[in-house]
Structure formats: C-alpha cells, structure tokens
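Novice: Supplied in structure tokens, the structure appears directly below.
The numbers here are math on the coordinates, done by the rules we state, and not lab data. Here the structure is a predicted model, which means the values were calculated and not measured. For neighbour counting, all protein chains shown are included, and Cβ atoms are generated from backbone atoms with ideal geometry for every residue, glycine included.
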Amino acid sequence: MENNAFYVALSLLLNFDAALFQIVALSLQVSLLAVLIAAVLGFPLGAAVALWRFPGRGGMIVVLNALMGLPPVVAGLMVYLLLSRAGPLGEWGLLFTPGAMVLAQVVLVLPILAALSRQKVEELLGEYREQFVSLGMSRSRMMPTLLWDARFALLTILLAGFGRASAEVGAVMMVGGNIEGVTRVMTTSIVLETGKGNLPLALGLGIVLLALVMLINAGVYLVGELTRRRVG
Amino acid sequence: MTSFHVPHPASSILSPPPALCFDGVTFNHEEQVLLGPCSFSLEGTGPTLVMGPNGAGKSLLLRLAHGLLLPSQGQITWSSDRCPRQAMVFQQPVLLRRSAVANLVHALAVNNVPRRTRANLARDALERFGLTACSNKPARVLSGGEQQRLALARAWVLSPQVLFLDEPTSALDPAAIKAVEAAVREFHQRGTRIVMTTHDLHQARRLAGDVLFLSGGKVREHTPAEAFFNKPVSREAQAFIAGELVE
C-alpha cells in the first residue's frame, strides 16, 4: 500500500503534511507572482507592438515568438549569471532565494504573454480601427480599450503562462537551488525524490501538482464562462 | 479630430454646420484611380444622399470626407476654422465587447466628457433610440437593428455637427430601416448635417435634401433632390433612376 502513488498522494494531503504544504505554498507563490509581474509588463508590451509601427517591429515580433520556446535551463542560466556574486546584480544577494525563482519565471512567461496578446490585440484592432479613428482616439487611448475587450482571450493566455511557470523545473532548480524549507518547490522536489529512488513519493507529489493546476484552470475557466455569458 | 467638450444634447442647438469642400480630390490604390478627380462643395442643410451603383466610390468618398482615409491628390477642407465635430455610422456597426450602455459611456469617456454626466447622457440616448430594455445586455448579442440603433445612439451622445452614414440600412429588415430613418431625421432636426450613402432609390426619395450621384469613381451630378429625381441631367443618373443596371 505504501508503494501506491495515489495512496501516498492522498495520505500526504489528508495528513496535512507540513513540509508538503510549505512546498505547495511556495510553488504557488512563486508562479503566481511571476505570472502577475509578467502580465503587468507583457500585456501592455504586446498591445504596444500591435498598435505602433516602428523600425525593427518585425524583428521584435519574431524574437518574442521565438522566446516562447526558450528552454527553462537557458533562462535559468541567464538569471544565474545575472544574480551570481560576480554578476551585474550580484549585490542584490538574490541568488538561491524565491526572488530569484520569480525573476527566472518572469523571463520565461513574459514572451508568451507578450507574443500571444500582441496577436489577439492586432486582430481586434483590425476590426475596431475605423471606429476608433472616427471617435478621435489616440493610439495610447486605444490600448486600454483593446486590452479590456480582449479580456477573455487574455485570461486564457494568462493560463498558458501559469502553466509554463508552474510546470518548469530547470530554471527554478538553477537559481533556487532546491534548498529544503527555502526554495524547494513541487517540481524540484519531484526531481529530487525521483533521484533518490523514492518513486511513490515523487509520483504522489506529481499527482498533487497536477490536481492543483487543474483546480486553478477550472476556477479560471468557470469565472471566464460566467462573465462571458453575462457580457457576451 | 481632437478631443472636445460635448454639450448636453438636450440643451444643444447646434451651430450651423460648416460646408465641406472637395477640391480635385482623387484616391488611388496601387496605381489605380478608385475615386476622382472630384470637386464639389456640400453646403446647405442637407441631408445629402450619396448615391450610385456598387463600386462607384460612395464609401470611399465618405471615408475621405470623415478623415479615415487621406486623399492621394487634392484637398478636403471645411469652411470653418476648426474641423467640425463629426461621427460616422458604418454599414456593419462596430461595437465593443461590453454592454450597450458601456459602449456609450466609452465613447463619452474618450471624448473627455466629465465622468459624472456620462451615465445620464448614455441613459437618455438609449431611451431616445428605444434601447432602454437592452441597456445592460452585451452589445454584440443584440439584433442587427438594435445594434445599428446603438451605433446611432453612440453618435447621438457625441452631438456631432456632421454625421456620416455608410449604407446604414443595407442589412436590415423594413421595421429596422424605419427606425434608422426616423433616427436620421431626428439628427437632421437637431441641426446635424447628414451625409449618407445608399443605393436604395426609395430611401433616397424619403430622406434626401440634395443628391450627390457617383458612378465609376466620378461625381456625375450634384443637385437638389427634387431636380435629381425628376430631371436628372447626366446619362448615368437617368439610367440609374430608370432602374437600368448601371456600372
């Protein structure tokens, strides 16, 4: 029975295992904060690229699209170099703290949010442009209107970003270090337990992670559907 | 069009609309002349009905006049020093993905109408156009006729001196057409200068003060409605009124 992953997952949850809850809480904190920061920066960035014409715009779109596939370990390495003692931001002393993990995940999620919102906003702009010009709106005035009218699509894009953040292990492992009680999150402890040969625990953690992600997705979907039905 | 303050519609007696002047205007796309050269001046109170067969350049002319497109050659000027307040209603109403009333509030907001007056102005306009029951419904689930009336209400709250309408009834049933035409008359009575395209002769007879007739990208005739329908001068207009298929 102890070797059954579902049993392990269930008993971890039902026993309110303190270590597990700390890990889950940190995972959620890091990923949600990273997605929030990436959204605050990424959505206006995507909308700006959709709205303005400037030299190098095409190149920027290609780079943003390409960065959606940035390998987490590469993002981790970049942030590691940036934050290491000898690096430009070494003085901040962020390496091997949750702050470093948030930063690494922002690097991963930002291109997804910016690239996908750029696409959606551009599509909407095509539909609205004449009406906007007729209303005498400036480009900077169009931005909040477009972002608000794209809100349902942006919610889905936000979920894609959260999925990327909560699922990756390479970046948080490199800049967080998987320190027990400090920077250990779901994904890094799954790697650790697998390495130790504790497969039922690893699988149990995996099930908990999956259940959490599903729960959040279901919640957002529900909220989205209810408002959509109300607002159309 | 820069931002401006919109007076309260109930108290607004709009100043006489300025005349619109086209001087040798052409519009080209990829070396092809789609419109012009045309020179005319829209004076008086209208309503001006821009008529002609499909592809004659009616929509282009309206978009040039409203400033959505820039002419390739020639000049478009208003007789006033400043560009008059204008609005446009499109064939397919472009409505935001929010409630009917929020669409009006948005239009007021982007025109810097003080926040505290927006809700009242929006409510009055919805009532005027028979949309009170739809106030909180999502704009994009309204029927075609309701959507077009909402687009008219959005124009109404802005108290435009000039209103452009591009085939506003071409996708509507007779009841909805009647409502739109009644709205157009209301705008006219308030002193808004109407410039509207249509290819519906009956509609033009009902509404027109003067007619600007286009075919093949050229202005063939610009005469008072009476004269246009009874004694058209150009061969193209004669054929159009006689119901022949004009290109």
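Novice: Percent relative contact order of the stretch A:82-208, based on C-alpha pairs within less than 8 angstrom and at least six residues apart?
Specialist: The normalised contact order for the stretch A:82-208 reaches 28 percent.
Novice: I'd like to verify something in chain A: which complete DSSP H helices, judged by Cα projection on the helix axis, reach 20 Å or more and average at least 1.0 on the Kyte-Doolittle scale?
Specialist: Qualifying helices: A:18-51, A:151-167, A:199-231.
Novice: Out of B:Pro224, B:Pro114, B:Pro168, any idea which swings most in a Gaussian network model of chain B, alpha carbons joined below 10 Å?
Specialist: Highest fluctuation of the listed residues: B:Pro114.
Novice: Further question: Once every DSSP H run of n ≥ 4 in chain B is given -39500 (n - 2.57) and the sum is divided by its residues, what mean residue ellipticity at 222 nm do you get, rounded to the nearest 500 deg cm²/dmol?
Specialist: -10500 deg cm²/dmol
Novice: About its Cα centre, how strong a charge dipole does the protein assembly as shown have in debye, to the nearest 20, once Lys and Arg get +1 and Asp and Glu get -1 at the Cβ?
Specialist: Rounded to the nearest 20 debye, it is 920 debye.
Novice: Right, next: Please give the net charge around A:Glu130, taking every other residue with its beta carbon less than 12 angstrom from that of A:Glu130, where Lys and Arg add +1 and Asp and Glu add -1. Show your work: numbers first, answer last.
Specialist: Working: positive: A:Arg129, B:Arg63; negative: A:Glu127, B:Asp166.
That works out to 0.
Novice: If you don't mind, another one. Output the DSSP H helices from chain B with an along-axis C-alpha extent of no less than 30 Å and a mean Kyte-Doolittle hydropathy no less than 1.6.
Specialist: Going by DSSP H runs, there are no hits.
Novice: Is chain A rounded, prolate or oblate when judged by the Cα gyration tensor, a ≥ b ≥ c being the square roots of its eigenvalues, rounded requiring a/c under 1.5 and prolate requiring a/b larger than b/c?
Specialist: Oblate is the answer for chain A, as a/c is 1.5 or above yet b/c matches or exceeds a/b.
Novice: I want to verify a result. In a Gaussian network model of chain B, Cα cutoff 10 Å, which of these has the top mean-square fluctuation: B:Val50, B:Val94, B:Val25?
Specialist: Per the Cα network of chain B with a 10 Å cutoff, B:Val94 tops the list.
Novice: Another one. Taking 8 Å as the Cα distance limit and 6 or more residues as the minimum spacing, I'd like the relative contact order of chain B as a percentage.
Specialist: Relative contact order for chain B comes out at 28 percent.
Novice: Give me the dipole magnitude in Debye, nearest 20, for the stretch B:70-227 about the Cα centre, with unit charges on the beta carbon: positive for Lys and Arg, negative for Asp and Glu. Walk me through the numbers before you get to the answer.
Specialist: Working: 21 positive and 13 negative charges, 147 e Å.
Using only the charged Cβ atoms, the result is roughly 700 debye.
Novice: What pairs from B:Lys58/B:Lys137; B:Lys58/B:Lys178; B:Lys137/B:Lys178 go past 25 Å between their alpha carbons? Provide the component values of the computation, followed by the final result.
Specialist: Values: B:Lys58/B:Lys137 33 Å; B:Lys58/B:Lys178 22 Å; B:Lys137/B:Lys178 23 Å.
Over 25 Å Cα-Cα: B:Lys58/B:Lys137.
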